[in-house]
Amino acid sequence: EDASHHGHRWKVHDPENMQDAKWRLSILSKLDQAIDNGEVWVAYQPKLDLRTRHIIGAEALARWNHPEKGPIAATEFIPAAEQNNRIGKLTDFVLDQAVAAAARVNGAGRPFHMAVNLSARLLDDKDLKSRLSAILLKHLLDPELLTLELTETSAIGSRDSLKVLSELRDIGVNISIDDYGTGMSTLDYLKKIPASEIKIDQSFIRGITESRSDKVMVQSTIALAHSLNRTVVAEGVETQEVLDALVQMKCDVAQGFIIGRPMSFDSLRRRLIIDQRRSVA
Ligand code: C2E
Ligand code: MG
Ligand code: MG
Ligand code: MG
């Protein structure tokens, strides 16, 4: 038998991996402190309404600028924080910043929707609901203007999670299924989750102009979502061709580098001012 077949068994003993694990733990132990020190900040990536062609909102994305190591990717510290049950403080921080930002932006012009990523693990957290309510109240944001993006995992299909999700829904916030298509999405699950939005994963979006199967899958997902009265967001839109194809497919909202990269709050505001002006012209 091929020895590499069993390679994964030895991975834990791989010195490189040990380094990796050690590094992860070392950055993790500094995350809470980094939040207090102002090393962690929130970037906002705009969402474009494909019908009106206006920015209708943004997604908040955590960023960590380490003073010595430089920027640490969210894909690096978020999974580590989730696995070690250290995601609570970061989530509270991002929620507070994002809700404050949404409240400020909503002072003028048309409604602006803010989305925040929520780790499915936090659905077990008994006081998530009261903390969320407190943050909304503190900044006086209409809960309808906040969306919680949850990545589909087996965890959110459980009966307990569904109960928590519907309690969150009762506050008035919206639920979105993030990275749709990559997880455990059975039709049963899609039917039960009180989500008003689904975000099709970028791995499917990228290929729609080249791969027939990606195109067909995205097209039928849009049709299915619409028949269930859900809004469809396409993530990871990088080219004009893909954007045009999504308009043709009647996708509702698009997000991606071609529309805007994750940016500071000040840049987002400038972008919104430009967008507002376009409407009166
Ligand atoms: P996500 O929620 O699916 O966010 C989309 C990711 O794709 C972001 O990566 C974004 O920067 C990136 N992206 C957006 N448009 C494009 C594009 O056109 N092309 C490409 N190649 N990438 C694009 P980011 O910021 O590194 O975040 C990665 C993941 O980390 C997020 O995936 C989310 O699951 C998680 N995450 C980020 N911030 C938070 C947070 O505050 N809380 C939690 N729980 N998770 C977070
Ligand atoms: Mg997301
Ligand atoms: Mg996503
Ligand atoms: Mg993702």
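Values quoted throughout were computed directly from the atomic coordinates according to the rules given, and no laboratory measurement underlies them. This one's a predicted model, so the numbers in the text were calculated from it and none came from an experiment. FYI the Cβ positions are ideal-geometry reconstructions off the backbone, even for glycines, and counts take in every protein chain you see.
So how strong a dipole does the chain carry about its Cα centre when Lys and Arg Cβ are +1 and Asp and Glu Cβ are -1, to the nearest 20 debye? If you can, show how the numbers build up before the last one.
Values: 36 positive and 39 negative charges, 169 e Å.
The dipole magnitude comes to about 820 debye.
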Magnitude of the Cβ-charge dipole (Lys and Arg +1, Asp and Glu -1) of segment 94-143 about the Cα centre, nearest 20 debye, reported as 80
In a GNM of the chain with a 10 Å cut-off on Cα contacts, which of ARG159, ARG121, ARG104 has the highest mean-square fluctuation? ARG159
One can check that the equivalent ellipsoid of segment 153-265, built from the alpha-carbon gyration tensor with semi-axes equal to the square roots of five times its eigenvalues, has lengths in Å, largest first, of 26, 17, 12
Provide the percentage of antiparallel DSSP beta bridges, counting only those with both residues in segment 57-196; round to the nearest 5. 20
Distance cut-off 15 Å, percentage of C-alpha pairs in segment 70-137 lying past it: 59
Tally the DSSP beta bridges in the chain and give the antiparallel ones as a percent, rounded to 5. 40
Compare ALA98, ALA108, ALA62 in a GNM of the chain, Cα atoms joined below 10 Å, and give the one with the largest fluctuation. ALA108
Efficiency of FRET between THR186 and VAL216 - r from beta-carbon atoms, R0 25 angstrom, step 0.05: 0.80
Candidate lysines - alpha carbon under 22 Å from LYS30, same-chain residues fewer than 8 apart omitted: LYS22, LYS69, LYS89
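For GLU68 and GLU241, what does the FRET efficiency come to when R0 = 41 Å and r is the distance between their Cβ atoms, rounded to the nearest 0.05? If you can, show how the numbers build up before the last one.
Details: r = 41 Å, r/R0 = 1.01.
Efficiency, rounded to the nearest 0.05: 0.50.
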Between ARG261 and LYS138, with labels modelled 7 Å along Cα→Cβ, what's the label distance in nm to one decimal, could you check? 3.0
What FRET efficiency, computed as 1/(1 + (r/R0)^6) with R0 = 35 Å and r the Cβ-Cβ distance, is obtained for ARG159 and GLN248, rounded to the nearest 0.05? 0.35
If the viscosity is 0.692 mPa s and the temperature 37 °C, what translational diffusion coefficient in µm²/s does Stokes-Einstein give for segment 61-185 when Rh comes from Kirkwood over Cα pairs? 213
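Quick check on the chain: what are the equivalent-ellipsoid semi-axes from the Cα gyration tensor, as sqrt(5λ), descending, whole Å? Before the final figure, lay out each step's value.
Numbers: eigenvalues 175, 128, 87 Å².
Each semi-axis is the square root of five times an eigenvalue, giving 30, 25, 21 Å.
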